[in-house]
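The values are calculated or read from the model by the stated rules, or taken from the named source; none is laboratory data. Just so you know, these numbers come straight off a predicted model, no measurement behind them. Neighbour counts are summed over all protein chains in view; Cβ atoms, including those assigned to glycine, are modelled from backbone coordinates with ideal geometry. Each accessible area value is taken on the protein alone, full model and side chains, heavy atoms only, with ligands, DNA and RNA left out. Shrake-Rupley method; radii C 1.70, N 1.55, O 1.52, S 1.80 Å.
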Amino acid sequence: MSFKSIVRELKEMKDGIGSISRRGEVEGRHWRNRTRTHIAPDVVPFDPNQQGQWANIPPELLLDIVRRVEESETSFPARTAVVFCASVCKSWREVTKEIVKTPEECGRLTFPISLKQPGPRESPIHCFIKRNRANSVYRLYFGLIPSEDESDKLLLAAKRIRRATSTDFVISLVSDDFSRASSTYVGKLRSNFLGTKFTIYDNQLPSDAAIQHRGRLSRRFSTKQVSPTVSACNYSIATVSYELNVLRTRGPRRMHCAMHSIPFSSIQEGGSAPTPTSFPQYFNEKSSPALVPRAKEPSVNSSLTVSVPSREPLVLKNKAPRWHEQLQCWCLNFKGRVTVASVKNFQLVAAVDPSHNIPAAVQETTILQFGKIGKDIFTMDYCYPLSAFQAFAICLSSFDTKPACE
């Protein structure tokens, strides 16, 4: 059988029309609609322990097939063929997970967990954000610019919810379900009353971080109301602060991002950032009695602060723009990725103390840049040590109203 025939049959299995995983027409249509809204299913569309004729392929041949598919399909939508390989059966899924590298290593996004892993060190991952003013939904897509046929790959989506004393941006893997009781919920961004300080919450805890209770516990729902595949806690992993503009002087916003879950050593030589390999094993009464209340008691959804033990957290600051005399405006070099002047535009670099002895090239490296290219369309480019989720949350803070900072 030729290589193209193998990939073609994998696609048929993924759509539910192959000989291995036959499904009804309604269920097949539902699955195809779901795959358009996020990178790839972290749960296979059928029993992962199911073994068919494809499971009997010799291991050496299986490794060669999956490796060739992974190397040949580097961008979406063609890269979904890698997902098809992981959806065949348990043995194929294990081999695919072994071959597919993290974004830091290969610079590619494949599975949903890639959105929680640090970006590449050498070159940034290019994305763009579309804002829908009518329903306050923000969608993050993979790619340089929007395509004409609107076939762009959706990575994450967020919905802005205004409250009496704050604003929440609920972040999800899909664009039609922003419930915090959903399995697609990945985190949120919350602002203070003035819109000068934002807290980023993640639904999973970095492996090498410690947790601390911070502030009041916010009542959400009881354990019986929560889906068994949903985490019961939000972990505060970062804070974004905007400096007050007391004198109302004209100029760009000044911001700082304290990444509590990323140690400063991650940008030093030989350093590394936390890299989750899978979504969390969600809490239950047996595995985590300290975090999940008893069923008879009123349940609360804890807001917990993440800190990396005995490590200094990484702090990001916006790169200072220069004043252009001829244009009479503040300018930054976005390397062609930003074309419209806006107060929302920014570039973030590491805030480094001279005592750290960090090379000048590392200090000048743009870790995240965000800017406007059209009406309700913005670019977002990020790289190591930020993940797509962290970068998206930081960019969302720029959309909120900040009367005290402008």
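Looking only at segment 356-363, decide whether some residue is open to solvent by less than 30 Å² (accessible area, probe 1.4 Å) and within 23 Å of the chain's Cα centre (by Cα).
Step one: of segment 356-363, the residues open to solvent by less than 30 Å² (accessible area, probe 1.4 Å) are 358.
Narrowing the set further to residues that are within 23 Å of the chain's Cα centre (by Cα) leaves none.
No: zero hits.
Screening L155, L115, L140 for residues that are open to solvent by less than 30 Å² (accessible area, probe 1.4 Å), under 17 Å from C383 (Cα atoms), modelled with pLDDT of 90 or more and touching a His at 6+ places or on another chain (Cβ under 8 Å) leaves exactly one candidate, L155. Based on what the data block shows, is A232 modelled with pLDDT under 85, among the small types (G, A, S) and part of a loop (DSSP other than H, G, I, E, B)? In short, yes. Scanning segment 158-175 for residues that are farther than 16 Å from D202 by Cβ and small (G, A, S), we see that the one that is modelled with the highest pLDDT is S175. The single condition among (1) over 19 Å from Y141 (Cα atoms); (2) open to solvent by less than 50 Å² (accessible area, probe 1.4 Å); (3) not in a loop (DSSP other than H, G, I, E, B) that Q390 does not meet is (1). Among the residues of segment 181-203, those identified as under 16 Å from the mean Cα position of the chain (by Cα), open to solvent by less than 50 Å² (accessible area, probe 1.4 Å) and farther than 11 Å from T239 by Cβ are T184, Y185, V186, G187, K188, D202, N203. Of the residues in segment 372-382, none is under 18 Å from R254 (Cβ atoms) and open to solvent by 60 Å² or more (accessible area, probe 1.4 Å).
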